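The values are calculated or read from the model by the stated rules, or taken from the named source; none is laboratory data. Please read these numbers as outputs of a predicted model, since none were measured by experiment. Backbone-built Cβ (ideal geometry, glycine too); neighbour counts: all protein chains shown. In case anyone asks, the SASA skips ligands and DNA or RNA and just uses the protein heavy atoms, side chains included. Shrake-Rupley method; radii C 1.70, N 1.55, O 1.52, S 1.80 Å.
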Amino acid sequence: MRAAVVTAFGTAPAYADFPLPQPRTEHEVLVQVLAAGLHPRVRSQAGGSHYTSTDELPLVPGIDGVGRTPDGQLRYFVLPDTVMGAMADQTVIDLRRSIALPEGTDPVLVAAAMNPAMSSWVALRRRVDFEPGQSVLVLGATGNAGQLAVQVARHLGAGQIVAAGRDRDKLAALPALGADVTVELGVGGDALGRACTTVDVVLDYLWGSPAEEAMVSLVRHRADEREPLSWIEVGSVAGPTAQIPSAALRATRLQIVGSGQGSVSAREFVAELPELAAVITSGVFEVNARAVPLSEVARAWTDATTAHERLVLTPWA
Ligand SMILES: NC(=O)c1ccc[n+]([C@@H]2O[C@H](COP(=O)([O-])OP(=O)(O)OC[C@H]3O[C@@H](n4cnc5c(N)ncnc54)[C@H](OP(=O)(O)O)[C@@H]3O)[C@@H](O)[C@H]2O)c1
């Protein structure tokens with residue numbers, strides 16, 4: 001079969017032959033892959049830099065997707081960390097890590113949205129005691145996951161939603177998705193802290209120095225230091241490490257937790273799939289998806305002009 005094949009970490013995959021995988025347990029089936037998202041997590045998998053990387057090569061990237069089972073069912077699936085990913089004509093899925101989708105579902109929409117939407121959905125439902133009416137800051141709201149985080153927070157009943165990012169044009173589009181306030185990052189001043197005096201939960205996609213600065217600013221402007229402030233580390237596009245000022249942790253009821261593979265178990269992730277998929281297929285969320293034939297994976301991988309869209313590889317296009 002044909003697949004996207006990575007033979008050296010840090011290089012784009014090539015469209016090449018790859019051995020057809022075989023189901024090994026009663027729970028596994030071979031599916032025809034219809035759509036597989038090119039998420040940042042897939043790039044770090046292909047770069048060998050994700051914390052789950054096994055260093056094995058060659059590998060077919062892709063951590064999730066939509067496929068058709070031999071009995072004709074359409075299913076969304078997530079894959080374990082092996083060298084056989086989703087970006088192939090066919091892949092093996094574990095039925096226990098997949099859900100059936102209604103016939104007629106757009107595979108590209110689901111493959112584009114599940115991973116980025118899951119980041120905030122799971123963080124709010126599994127990592128903190130989030131309650132409707134609570135105020136949320138999305139730190140790094142201009143990417144695919146950040147834009148969906150604004151919509152997920154709104155859908156889950158958030159009160160005020162503050163969306164912060166560095167791209168002014170993309171920020172301007174966020175009120176239409178549910179943001180009450182937008183704050184441009186990196187322009188100096190303390191605008192973020194002033195906009196977030198009563199924020200309850202931070203969904204942080206940035207980490208690095210923007211998170212350090214945001215934390216200091218929020219703590220400085222906290223309306224009531226006795227109110228809990230839950231900081232959920234979800235992404236790290238601005239840096240893998242951050243220096244946390246000790247005073248921030250002493251002066252307020254700041255709690256920092258992470259949300260991702262490990263801190264949320266596979267069982268917990270899977271439990272959230274049906275409801276999230278139902279919301280996505282109902283069309284509630286706006287999703288920036290672009291389908292690309294799998295045969296064009298090498299070019300698409302490095303195409304900077306599509307950075308704001310979620311590329312979805314389609315093997316049978
Ligand atoms: N833990 C989880 O469960 C989970 C799940 C999904 C995703 N994630 C993580 O979430 C992060 C975002 O994913 P994504 O799908 O949204 O990626 P994406 O669509 O590529 O978006 C990344 C965004 O980050 C912005 N950005 C980069 N550096 C920045 C900086 N220094 N300051 C402000 N903004 C910056 C970019 O903004 P510009 O437009 O300004 O360049 C871009 O819009 C990634 O780290 C990903 O691994 C985590």
Which value, in nm² and rounded to one decimal, describes the direction-averaged projected area of the C-alpha convex hull of the range 1-144? 10.4
Placing one identical point scatterer on every Cα of the range 253-317 and ignoring solvent, what is log10 I(q)/I(0) from the Debye formula at q = 0.15, 0.25 Å⁻¹? -0.80, -0.99
GNM flexibility winner over the chain from S282, S246, S49 (Cα, springs under 10 Å): S246
Taking springs between alpha-carbon atoms closer than 10 angstrom, which of T54, T305, T142 fluctuates most in the Gaussian network model of the chain? T305
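May I ask you to give the percent of accessible area on the range 6-123 that is carbon plus sulfur, with a probe radius of 1.4 Å?
Working: 2540 of 4750 Å².
Of all accessible area on the range 6-123, carbon and sulfur atoms account for 53 percent.
Where the convex hull is taken over the Cα atoms of the range 78-151, what is its projected area averaged over directions, in nm²? Let's see the in-between values first.
Numbers: hull surface 28.4 nm².
One quarter of the hull surface, i.e. the mean projection, equals 7.1 nm².
Restricting to the chain, compute how many DSSP beta bridges are antiparallel as a %, nearest 5. Walk me through the numbers on the way to the answer.
Values: 24 of 53 bridges.
Here the antiparallel bridges make up roughly 45 percent for the chain.
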Can you tell me the relative contact order of the chain? Whole percent, Cα pairs under 8 Å, sequence separation 6 or more. 18
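What do the square roots of 5 times the Cα gyration tensor eigenvalues come to for the range 234-291, in whole Å, largest first, as semi-axes of the equivalent ellipsoid? Please report the intermediate quantities before stating the final value.
Values: eigenvalues 203, 54, 33 Å².
Rounded to whole Å, the semi-axes are 32, 16, 13.
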Of the convex hull drawn through the C-alpha atoms of the range 180-310, the volume per residue in Å³ is 175
In Å, what Kirkwood hydrodynamic radius results for the range 16-67 from the alpha-carbon pair distances? 12.7
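Given the chain, what whole percent of its Cα pairs are spread farther than 36 Å?
Values: 9525 of 50086 pairs.
Summing the P(r) tail past 36 Å for the chain gives 19 percent.
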Taking loop as defined by DSSP and a crowding limit of 16 other beta carbons within 10 Å, which trypsin sites (Lys or Arg not before Pro) in the range 81-189 fit? R166
Take every Cα pair under 8 Å in the range 46-158 that's 6+ residues apart, average their separations, divide by the length, and report that relative contact order as a whole percent. 20
